[in-house]
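J.: Have a look at this one.
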């Protein structure tokens, strides 16, 4: 969800001048994108709540006009792409290599996106077991409105993500969404998909793109 300085002022009941002052002081989580400041609705909610600031009820809303329609995992995967033989000897280098592949809008600070993924990993591993990890930002990445994307990356060599089952990771799913709704939908639908034994077999075999797209479309149909 993209919020402007004006939006944040309204949600917090303060002037735009105050918002700019907080940005300058580094007191409020803000991102500079294409010469404008943008804010993450979920981050602002957490930040304001921790400081016991008064909040407008609007901060809990995710406007339909900005949520857009969502076609499912298969479409998100087509947008994000399936990538094979990705190389990276350790987690940080691997995630930076992944971000270089992501279909992000022109002008996006890819270094920032990589740092957001690493920051989330520092809170706790995103490995879900059986050689799979789902690196994603703690909150949706702040981008211009764009389709939700799911990028599937098969690694050239296994990388230790600190999984609870002790298995190194060979398969990564990277979720990128510009809205809270899309972020949560992708996570929940992917969690559902990874319970499918047939799909897990295809992932373990690093199957071809057509087989994987078909498998995800089948999961979407069952979850609809």
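J.: Name the residues in the range 45-57 that are surrounded by fewer than 14 Cβ atoms within 10 Å (Cβ to Cβ), at pLDDT 65 or above and under 23 Å from residue 181 (Cα atoms), would you?
T.: 56
J.: Related question: Suppose we filter 89, 93, 114 for residues that are over 19 Å from residue 147 (Cβ atoms), out of contact with any helix residue (DSSP H, G or I) (no Cβ under 6 Å at 6 or more places or on another chain) and at pLDDT 90 or above; which single one remains? Break it down into steps so the answer makes sense when it comes.
T.: Working: 89 fails: at pLDDT 90 or above; 114 fails: out of contact with any helix residue (DSSP H, G or I) (no Cβ under 6 Å at 6 or more places or on another chain).
Every option except 93 fails the conditions.
J.: When the range 176-187 is examined, which residues are found to be touching a residue at least 40 places away in the same chain (Cβ under 8 Å), surrounded by fewer than 24 Cβ atoms within 10 Å (Cβ to Cβ) and either within 17 Å of residue 128 (Cα to Cα) or not assigned by TED's automatic domain parsing to the domain that holds residue 93 (or both)?
T.: 187
J.: Search the range 188-216 for residues being in contact with a helix residue (DSSP H, G or I) (Cβ under 7 Å, 6 or more places away or on another chain) and exposed (fewer than 15 other Cβ atoms within 10 Å of the Cβ), and hand back the single one that is nearest to residue 147 (Cα to Cα).
T.: Within the range 188-216, the match that is nearest to residue 147 (Cα to Cα) is 192.
J.: Filter the range 168-204 for residues that are within 20 Å of residue 98 (Cα to Cα) and over 22 Å from the mean Cα position of the chain (by Cα) and give the result.
T.: The initial filter retains those residues of the range 168-204 that are within 20 Å of residue 98 (Cα to Cα), namely 168-178, 183, 186-187, 190, 203-204.
Result: 204, single match.
J.: Of everything in the range 26-44 that's assigned to a strand (DSSP E or B) and without any contact (Cβ under 8 Å) to a residue 40 or more places away in the chain, which residue is surrounded by the most Cβ atoms within 10 Å (Cβ to Cβ)? Write out each step before concluding.
T.: Taking the range 26-44 as the starting set, the residues that turn out to be assigned to a strand (DSSP E or B) are 31-33, 36-40.
Okay, now just the ones that are also without any contact (Cβ under 8 Å) to a residue 40 or more places away in the chain, so 32, 36-37.
Numbers: 32: 12, 36: 10, 37: 17.
By that ranking, first place goes to 37.
J.: Here is a list of conditions, (1) part of a helix (DSSP H, G or I); (2) surrounded by fewer than 18 Cβ atoms within 10 Å (Cβ to Cβ); (3) modelled with pLDDT of 90 or more, and residue 74 meets all of them except one; can you say which number that is?
T.: (2)
The values are calculated or read from the model by the stated rules, or taken from the named source; none is laboratory data. Source: prediction; values computed, not measured. As a convention, Cβ positions derive from the backbone with ideal geometry for all residues, glycine included, and neighbour counts pool all protein chains shown.
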